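Okay, structure first, notes after.
The values are calculated or read from the model by the stated rules, or taken from the named source; none is laboratory data. Note that the structure is a prediction, hence the values are computed from the model and not measured. Because the Cβ atoms are built from the backbone with ideal geometry, glycine has one as well, and the counts that use them run over all protein chains shown.
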Amino acid sequence: MPESYTSRENRQRVGLTFRGVRRAIAGADMSDLEAKGDRIRSRAEERGEREADQMWRELDGARSKAAAAKVQADLATGRDRAPARRAAKDAERNVERIQRKARKYL
C-alpha cells in the first residue's frame, strides 16, 4: 500500500536520517530514531490506505456517472442528442482523469 507523507513528515524523516548518520558514525544507539521513523511510516501508511479507499470510491462513482451519461446519450433524440453526447464524453474524460490519479495507489 502506498504511503502518503505530509511535508512536515518528510522534513522529519530527513532530519532523522541526518541524525542517524551522525550517530552511526559515532557508534551511538539509534533505537529512538528508528522508533520515531516507524511511527511516522505507520501514520503515512494509514493515511495512504484511507486515500486509496476514497480514490476507489471516487472512481466507482465516476464510472457509474459515465455509464448513466452514455445511456442518456444513446436514448437522446433531436436537439437533446448533442448535449447528451458532450455530457457522456465529459463523464468519460473524468473517469480517465481519476484512473490516471488512481494508478499511484496500485
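Of all residue pairs spaced 6 or more apart or on separate chains, those with beta-carbon atoms under 9 Å, a first member in region 17-36 that is charged (D, E, K, R) and a second member that is surrounded by fewer than 10 Cβ atoms within 10 Å (Cβ to Cβ) are Arg23/Asp29.
Annotation note: of Glu58, Glu49, the sole residue that is closer than 30 Å to Arg13 by Cα and either of a type in the set (Asp, Glu) or touching a residue at least 12 places away in the same chain (Cβ under 8 Å) (or both) is Glu49. I'd like to check something: does region 73-86 contain any residue that is buried (at least 17 other Cβ atoms within 10 Å of the Cβ), of a type outside the set (S, T, N, Q), more than 30 Å from Arg13 (Cβ to Cβ) and at pLDDT 95 or above? Yes. Comparison of Ala62, Ala102 shows that the only residue that is of a type outside the set (Phe, Trp, Tyr), modelled with pLDDT under 95, closer than 29 Å to Ser4 by Cα and assigned to a helix (DSSP H, G or I) is Ala102.
Filtered by the rule that a residue be closer than 23 Å to Lys104 by Cα and surrounded by 11 or more Cβ atoms within 10 Å (Cβ to Cβ), region 13-38 gives Arg13, Gly37. Screening Ala28 with (1) under 30 Å from Leu16 (Cα atoms); (2) in a helix (DSSP H, G or I); (3) of a type outside the set (Val, Ile, Thr) gives one miss only, at (2).
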